[in-house]
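S.K.: Can you keep this structure in mind? I'll have questions shortly.
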Amino acid sequence: SDIPPSNDPRVLIDFRTADDAGVYEWEGGPALVQTVDFFTPIVDDPYVFGQIAAANSLSDIYAMGAQPRTALAIAAFPKDGLEPGTIEAVFRGGYDKLREAQTALLGGHTVQDQEIKFGYAVTGAADPGRLLSNAGARPGDVLLLTKRIGTGIIGTAIKADRAPAAIVGQAIASMTALNKTAADVMATVTGVHACTDITGFGLLGHACEVAQASGVTLLVDAGAVPLFDGVEAMVAQNRSGGLTANRKHFGRRISLPDDLTRERADLLFDPQTSGGLLIAVAEPGADDLRQRLRDRGVEVATVGRAVERAEDDALIHVR
């Protein structure tokens, strides 16, 4: 918070709105959209881990209404204890996902570290007039969510070897799925005002950032939030440190109903990996967007709406 923002007028979006990526406007061309994301393994399979890391990094670009163009790998591996084939599989998984996204891998940087880390710095391009950000939600907008919630709980269970195979399969399918189709469909509908992807701050954390930047309060319907099958029963044994941190940091400006179960509340704060898009769209276009997404095979749920900032200054009212 003590770092001053740039005074370059070509910087269209930076860290002040907690957006998913920064945007820099070139003269006479598309805007440059940049992001970076990397993390420790969430699954055991190195190829799948690489895929998830790539999909997660690319998601920030899609959330801004942009298209990814190039990527640089960021990796940390221990000096000893890993077979070369394991490292190769991580890079291959990421590369194959980048190729699916039609994004060129230019190179990267690797360091030695006792803890494995992997991800990408991604550069995208966007029409400056069609950018999406956290700051655009308006009263009356409908909130749509394009992936299920619960990967943080499932990831914690995987590490403790207590995650059922079926739910692991659901989570992996979701985390390796690009948000490309959802972003492409979103660009065809009039009235989309804001978008963010749901990652480490959880659904309510990222929703708070939208509400704060947009000057609105978001009403979130807890019962409408889609969850992975069976994840609610896993919450008690698999709460992560990130979940607790999210609740502590964002909870003071979130109103939770008395009848909301602890498990459901925890899932709303659960840190996600390669989660879906949370889209704020004007009500007249919401049905159209929802149907177009479903027609393209994207799972989507209506999870709330934006209203005028509440008198109690809450960012989120969960119902």
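S.K.: What pairs come up if the first residue lies in segment 145-156 and is within 20 Å of Leu219 (Cβ to Cβ) and free of Cβ contacts under 8 Å to residues at least 60 places away in the same chain, the second is of a type in the set (Asp, Glu) and buried (at least 24 other Cβ atoms within 10 Å of the Cβ), and their beta carbons are under 8 Å apart, counting only those six or more places apart or on different chains?
M.R.: none
S.K.: If a residue must be over 20 Å from Ala135 (Cβ atoms) and either part of a loop (DSSP other than H, G, I, E, B) or of a type in the set (Phe, Trp, Tyr) (or both), how many such residues does segment 282-319 contain?
M.R.: Of the residues in segment 282-319, 8 are over 20 Å from Ala135 (Cβ atoms) and either part of a loop (DSSP other than H, G, I, E, B) or of a type in the set (Phe, Trp, Tyr) (or both).
S.K.: Could you list, in sequence order, all residues of segment 85-144 that are crowded, with 21+ Cβ neighbours inside 10 Å, under 27 Å from Asp288 (Cβ atoms) and among the charged types (D, E, K, R)?
M.R.: Listed by number, the list holds a single entry, Asp141.
S.K.: Please verify whether segment 263-283 includes one or more residues that are touching a residue at least 24 places away in the same chain (Cβ under 8 Å), surrounded by fewer than 22 Cβ atoms within 10 Å (Cβ to Cβ) and closer than 23 Å to Ala55 by Cα.
M.R.: The answer is no, given that none of the residues of segment 263-283 is touching a residue at least 24 places away in the same chain (Cβ under 8 Å), surrounded by fewer than 22 Cβ atoms within 10 Å (Cβ to Cβ) and closer than 23 Å to Ala55 by Cα.
S.K.: Further question on the same structure: Filter segment 223-273 for residues that are aromatic (Phe, Trp, Tyr) and either out of contact with any Cys (no Cβ under 6 Å at 6 or more places or on another chain) or not in a helix (DSSP H, G or I) (or both) and give the result.
M.R.: Correct list: Phe228, Phe269.
S.K.: Here's another thing I want to ask about it. Can you tell me which residue in segment 17-32 is farthest from Ala213 (Cα to Cα), limited to those that are out of contact with any Ser or Thr (no Cβ under 7 Å at 6 or more places or on another chain) and surrounded by 12 or more Cβ atoms within 10 Å (Cβ to Cβ)?
M.R.: The selected residue is Pro30.
S.K.: Filter segment 215-257 down to the residues that are surrounded by fewer than 16 Cβ atoms within 10 Å (Cβ to Cβ), among the acidic types (Asp, Glu) and farther than 25 Å from Gly136 by Cβ and list them by number.
M.R.: Hit for segment 215-257 is Asp229, nothing else.
S.K.: Evaluate the following for Leu203: is it open to solvent by less than 40 Å² (accessible area, probe 1.4 Å), outside any loop (DSSP other than H, G, I, E, B) and aliphatic (A, V, I, L, M)?
M.R.: So Leu203 passes the test.
The values are calculated or read from the model by the stated rules, or taken from the named source; none is laboratory data. Quick caveat, the model's predicted, so the values are computed rather than measured. Virtual Cβ from ideal backbone geometry, glycine too; neighbours counted across all protein chains shown. Note: areas computed on protein heavy atoms with side chains; ligands, DNA, RNA excluded. Shrake-Rupley method; radii C 1.70, N 1.55, O 1.52, S 1.80 Å.
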